Amino acid sequence: MPASTVSTEAETPLAREVADHARRRQALASAPLPLPDRTRVFTISNQKGGVGKTTTTVNLAAALALSGAKVLVIDLDPQGNASTALGVEHRSDTASVYDVIIGDSPLGDVIQASPEAGDLSCVPATIHLAGAEIELVSLVAREQRLRRALDLHLKQMEEPYDYVFIDCPPSLGLLTINAFVAANEVLIPIQCEYYALEGLSQLLKNIELIEKHLNPELNVSTILLTMYDSRTNLANQVAQDVRDHFPQQVLATIIPRSVRVSEAPSYGQSVIGYDPGSSGSLSYLEAAAEIARRGAPIIEGARR
Ligand SMILES: Nc1ncnc2c1ncn2[C@@H]1O[C@H](COP(=O)(O)OP(=O)(O)OP(=O)(O)O)[C@@H](O)[C@H]1O
Ligand SMILES: [Mg+2]
């Protein structure tokens, strides 16, 4: 084959992508991730629907578990999408987060191991959780119920989790408030689409209120850009806008729009388990590495 043909072939988009993936896989494999000194509890929240909350929860959790961390996912959305994606049972008669928040079951009684690689467990959500917003209203310490259950469980564990991720429903009701009160860090996924920033100020205002009145340790530590399509100017513009507004919080890694990411849940798997070499998988592994290397924000007088 003449040399000129070889060089042309090496510059095709496919060849470039293959080379890029190989380089990224190598970079990921070359340095192990540090473990946090204390449990980092993240709430993944955005009251906008379909922005990638559950996908981000599941894939970051899977990526960190694969790197050797002990990880728990708490599914706090009645849709139960995180439970499905992690391959755990969540039929209506399954013991779930509902029994913890409304029924006072210990958290340890409802935790299931996920079939994903590594030490990854899940507290499932069932359809019963749909009524919990209303049932919570009349309960004592209604905003603190998840925090109390989680703190008690963490205290009783010989080897506590390195990371806990709480997947929220697309609303700012009492379930989401329970998640904010239970967490130290908030991770906001933002879809690279028009209207991305709409509603964000309301979310931040709510978080500020929680910080003032219910959980002084709460910190919006991480923003992740999701469903990015590099071919559109709009996606680039939104990404730049978000970076201008939140230079400290936005991760360098952007999650691309990828069919493999959306296919994985139907196999009860993360994209990392489903197609480890895909661009979606590599991006979530890179985002997880950034989160691990940045470490937790330092908060004066932290209780946990
Ligand atoms: N990077 C991606 N590429 C392609 N599809 C994606 C990507 N991320 C998420 N999706 C798909 O977009 C849809 C919404 O994602 P997801 O369920 O994670 O959002 P959500 O914010 O949790 O939604 P909800 O507000 O309903 O809880 C799902 O069908 C998911 O498979
Ligand atoms: Mg969801």
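A few points about this structure:
- Test for Ser278: is it free of Cβ contacts under 8 Å to residues at least 24 places away in the same chain, among the hydroxyl-bearing types (Ser, Thr, Tyr), surrounded by 20 or more Cβ atoms within 10 Å (Cβ to Cβ) and farther than 26 Å from Ser171 by Cα: yes
- Considering only residues in the stretch 66-79 that are within 27 Å of Ile134 (Cβ to Cβ) and surrounded by fewer than 24 Cβ atoms within 10 Å (Cβ to Cβ), the one that is farthest from ligand 2 (Cβ to nearest atom) turns out to be Pro78.
- Contact annotation: residue pairs with Cβ atoms under 7 Å, 6 or more positions apart or on different chains, pairing a residue in the stretch 236-255 that is at negative phi and among the hydroxyl-bearing types (Ser, Thr, Tyr) with a partner that is more than 16 Å from ligand 1 (Cβ to nearest atom) and at pLDDT 90 or above, are Thr253/Glu290.
- Here Asn233 does not qualify as surrounded by fewer than 21 Cβ atoms within 10 Å (Cβ to Cβ), more than 16 Å from ligand 2 (Cβ to nearest atom) and within 23 Å of Ala63 (Cβ to Cβ).
- Scan of the stretch 46-55 for residues that are more than 9 Å from ligand 2 (Cβ to nearest atom) and either among the charged types (D, E, K, R) or over 16 Å from Pro78 (Cα atoms) (or both), ordered by number: Lys48
- Scanning the stretch 154-177 for residues that are within 21 Å of Leu139 (Cα to Cα) and away from ligand 2 (no atom under 16 Å from the Cβ) returns Leu174, Ile177.
- Pairs where the first residue, in the stretch 187-204, is touching a residue at least 12 places away in the same chain (Cβ under 8 Å) and the second is among the charged types (D, E, K, R) and in a helix (DSSP H, G or I), C-beta under 7 Å, 6+ apart: Pro189/Lys53; Leu197/Asp241
- Single residue of the stretch 80-96 satisfying the filter (more than 12 Å from Val123 (Cβ to Cβ) and part of a helix (DSSP H, G or I)) that is nearest to ligand 2 (Cβ to nearest atom): Asn81
- Residue list for the stretch 191-222, restricted to those being charged (D, E, K, R) and over 20 Å from the mean Cα position of the chain (by Cα): Glu198, Lys205, Glu208, Glu211, Lys212
- Residue selected from the stretch 198-247 under the condition small (Gly, Ala, Ser) and within 15 Å of ligand 1 (Cβ to nearest atom), by the criterion farthest from Ala287 (Cα to Cα): Gly199
- Extreme residue, farthest from Pro256 (Cα to Cα), among residues of the stretch 56-65 that are more than 9 Å from ligand 2 (Cβ to nearest atom) and touching a helix residue (DSSP H, G or I) at 6+ places or on another chain (Cβ under 6 Å): Leu64
- Taken together, Leu120, Leu129 contain a single residue that is more than 16 Å from the chain's Cα centre (by Cα) and under 19 Å from Asp77 (Cα atoms), which is Leu129.
- Pick from the stretch 36-53, criterion assigned to a loop (DSSP other than H, G, I, E, B) and among the hydroxyl-bearing types (Ser, Thr, Tyr), ranking: farthest from the chain's Cα centre (by Cα): Thr39
- Yes/no for Cys122 being within 16 Å of ligand 1 (Cβ to nearest atom), of a type in the set (A, V, I, L, M, F, W, C), crowded, with 23+ Cβ neighbours inside 10 Å and modelled with pLDDT under 95: no
- Summed over the stretch 184-218, the residues that are buried (at least 19 other Cβ atoms within 10 Å of the Cβ) and closer than 22 Å to Arg145 by Cβ give a count of 8.
The values are calculated or read from the model by the stated rules, or taken from the named source; none is laboratory data. In this text, all values refer to a predicted model and were calculated from it rather than measured experimentally. So basically every Cβ, Gly included, is an ideal-geometry build from the backbone, and we count neighbours across all protein chains shown.
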